[in-house]
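Visitor: The structure under discussion is supplied below as structure tokens; questions concerning it will follow.
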Amino acid sequence: MLKQLLRRIIIIIKPLSIFIFGVVSLFAGITSPAFAASSQWDISWVDNSANEEGFIIERKIDGEYLLLATLAANTTTYTEVDGIAGQANCYRVGAFNQAGSAYSEEACIDAAADLPTTQVPTTQVPTTEVPTTEVPTAEVPTAEVPTAEVPTTEVPTTEVPTTEVPTTQVPTTQVPTTEVPTTQVPTTEVPTTQVPTTQVSTTEVPTTQSPTTEVPTATIVVQSRVSASKDDAEEDPDGSMSLRSSDLELVEESFTQTVGIRFTGLEIPENAIITKAYIQFKVDETKNSGDALFDIVGESTANASSFDSTNFNISYRTQTSESISWSPALWSSVGATGADQRSSDLTSIVQEIVSTTGWNSGNAMVFIFSGSGKRVAESFDGDQSGAPLLYIEYTY
């Protein structure tokens, strides 16, 4: 299955290239000292793919790529408004569809350089043809070591002839009165020759241990964005349901509520090993309530259903044994989709759901938020392209 999926990703998703231009020198005639202090610039790229569903922009922070923005298909530019002045800012762009994603190579802009425009050369990302090797394990043949047959030397036995000593018959003369003495013929003792025995030694043939080849596994990315009004919902303390809200209050409005979010079409095989998972939100309002602490669980089922108007349709669902806490920073910029709007890592929750009996590739998951504090995110009915996005990495 992995072989086919990897081949499909490589064929469908063509590599792309990134150009980064300083927004100041591109659109306004500002001098280079003003550019060096700027924290805004344009990122543009060449769209070489023909069937992407969208693009993701990632910025490297502390050596790790973090999601900066998700854009629609056929987009080729993005304006960075939160760049870090005075140091290098590095990015990569990925094209994605249901089969997975492909990334460009890294491109950086040095915001401290006294240059109006930094031209980053286009890098063509090569397409790697995945050989038809059965993944994840390879059967390594064991070499049969022949056993050397040690010949046995047959030692001949020398037959020692026996000498027959004739007996001399002495005639007896019958003498009437004379006793004829009997002559005793001595017997000759023939010595026996001892034939020495040759000891044949046996040679121990060593056995050669064949090394085992470790077959590397590939990391596959799956993303799913909320795609229907019934896939994000709010539940009041009295159990009443709101299915078409223009935003999602996590989790305090005029009262403390419970929020449910459902993601569909997750192409993850049942034996997958989850290595990374999180939900990316987009800020709708900056009406924070100070510190916030959210508890996140999943619905313990192999294929979660959408929400409906039945009272307590979120909180009455069976919950996973795994739960995660998230204490997000203040959301101070409307439209932000950065690291502060990304949930804690949800790997353990996703792994529990994928390991549930009956899970199949393409099924859906539900996540449930409760706790205290307030952060306001976009919903499907408020901003379809900014609705919550589930990001998962796995090996298989």
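The values are calculated or read from the model by the stated rules, or taken from the named source; none is laboratory data. Predicted model only: the values in this text are computed from it and were never measured. Glycine also receives a Cβ, built like all others from the backbone with ideal geometry; neighbour counts cover every protein chain displayed.
Visitor: Out of the residues in region 309-335 that are over 23 Å from residue 257 (Cβ atoms) and surrounded by 12 or more Cβ atoms within 10 Å (Cβ to Cβ), state the one that is nearest to the chain's Cα centre (by Cα).
Guide: Ranking the qualifying residues of region 309-335, first place goes to 335.
Visitor: Output yes when any residue across region 285-305 is farther than 27 Å from residue 340 by Cβ and outside any loop (DSSP other than H, G, I, E, B), and no when none is.
Guide: The answer is no, given that none of the residues of region 285-305 is farther than 27 Å from residue 340 by Cβ and outside any loop (DSSP other than H, G, I, E, B).
Visitor: Pull up region 217-235, narrow it to residues that are farther than 18 Å from residue 271 by Cα and of a type in the set (Gly, Ala, Ser), then point me to the one that is surrounded by the most Cβ atoms within 10 Å (Cβ to Cβ).
Guide: The selected residue is 233.
Visitor: Could you tell me whether region 69-84 includes any residue that is within 20 Å of the chain's Cα centre (by Cα) and at pLDDT 85 or above? Lay out the reasoning, then the answer.
Guide: Residues of region 69-84 within 20 Å of the chain's Cα centre (by Cα): none.
Looking through region 69-84, none of the residues is within 20 Å of the chain's Cα centre (by Cα) and at pLDDT 85 or above.
Residue-wise test of (1) among the aliphatic types (A, V, I, L, M); (2) at positive phi.
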| site | (1), (2) |
| --- | --- |
| 265 | no, yes |
| 268 | yes, no |
| 274 | yes, no |
| 277 | yes, no |
| 284 | no, no |
| 289 | no, no |
| 293 | yes, no |
| 302 | yes, no |
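Visitor: Look through 380, 367 and report the one residue that is in contact (Cβ under 8 Å) with a residue 40 or more places away in the chain and closer than 19 Å to residue 340 by Cβ. Quick ask: steps written out before the conclusion?
Guide: Values: 380 fails: closer than 19 Å to residue 340 by Cβ.
The unique qualifying residue is 367.
Visitor: Suppose the filter is closer than 30 Å to residue 71 by Cβ and in contact (Cβ under 8 Å) with a residue 24 or more places away in the chain; does residue 265 pass it?
Guide: Values: closer than 30 Å to residue 71 by Cβ: yes; in contact (Cβ under 8 Å) with a residue 24 or more places away in the chain: yes.
Yes: the conditions hold for residue 265.
Visitor: Identify the residue in region 339-384 that is assigned to a loop (DSSP other than H, G, I, E, B) and on the phi > 0 side of the Ramachandran plot and, among all such residues, is surrounded by the fewest Cβ atoms within 10 Å (Cβ to Cβ).
Guide: 358
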